[in-house]
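Q: One structure is given below, represented as structure tokens, and several questions about it will come after.
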Amino acid sequence: MDKINPGEAASSEDLAYCAGVIDSDGCIRICKRLIREKAKGKLKKKAPYLNYTELIQVGQVEPEAINLLKGIFGGYVYLRKRKSKKHRSIYVWKVQQLVAHRCILKLRPYLRIKAKQADTCIQFREVFEECKKENRSIPGSTGSRPRSKETLVRLESYYLTQKVLNSGAK
């Protein structure tokens, strides 16, 4: 269940706390996936395409902060089972796409460590929305136009920037 207006009723103290949790135990990134759609019935198989999306994820052993994030921003929570007896299971909170974007906009004033990742995601969303406006469905067809090479290059550049930021390289 995703909240329609995430963070709307949250206090500035709650938002600052959530930003601290994300700064310490979270990840803000842009994901890339190759989508291969299967042909259905008599329809032609679509060519594979790249899909980019924002993602925020936090993992903690104790569920309190995870439940607070879900309560304020929505998204979903799951328990990642421990990998061995040495490790503990962790609770994971995750939001993506527009929910992640709205979350970033609310938390950005409070983020310190993940500020550059947040800024990159904000810029990415601006380009992504421009692309969606240009890429509306062709009248009479069931799909949309493929993204231009220029748009793909721009989206890929944000993905690569994010990858470098999250690797710890300066």
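The values are calculated or read from the model by the stated rules, or taken from the named source; none is laboratory data. Computed from a predicted model, the values in this text were never measured in an experiment. Don't worry about glycine lacking a Cβ; one is built from the backbone with ideal geometry, like all the others, and counts go over all protein chains shown. Only protein heavy atoms, including side chains, enter the accessible area calculation; ligands, DNA and RNA are left aside. Shrake-Rupley method; radii C 1.70, N 1.55, O 1.52, S 1.80 Å.
Q: Checking Ser11 against (1) at pLDDT 80 or above; (2) more than 15 Å from the chain's Cα centre (by Cα); (3) closer than 21 Å to Leu160 by Cα, only one condition comes out false. Which one?
A: So Ser11 meets the others, but not (3).
Q: Right, another one. Sort out which residues of the stretch 82-99 are touching a residue at least 12 places away in the same chain (Cβ under 8 Å) and not aliphatic (A, V, I, L, M), and write them in order of number.
A: Scanning the stretch 82-99 gives Arg88, Ser89, Tyr91, Trp93, Lys94, Gln96, Gln97.
Q: Quick check: anything in the stretch 65-81 touching a Cys at 6+ places or on another chain (Cβ under 7 Å) and either without any contact (Cβ under 8 Å) to a residue 12 or more places away in the chain or of a type in the set (Phe, Trp, Tyr) (or both)?
A: Within the stretch 65-81, one or more residues are touching a Cys at 6+ places or on another chain (Cβ under 7 Å) and either without any contact (Cβ under 8 Å) to a residue 12 or more places away in the chain or of a type in the set (Phe, Trp, Tyr) (or both).
Q: Being open to solvent by less than 100 Å² (accessible area, probe 1.4 Å), in contact with a helix residue (DSSP H, G or I) (Cβ under 7 Å, 6 or more places away or on another chain) and either charged (D, E, K, R) or part of a loop (DSSP other than H, G, I, E, B) (or both) is the filter here; which residues of the stretch 75-113 pass it?
A: Gly75, Lys106, Arg108, Leu111
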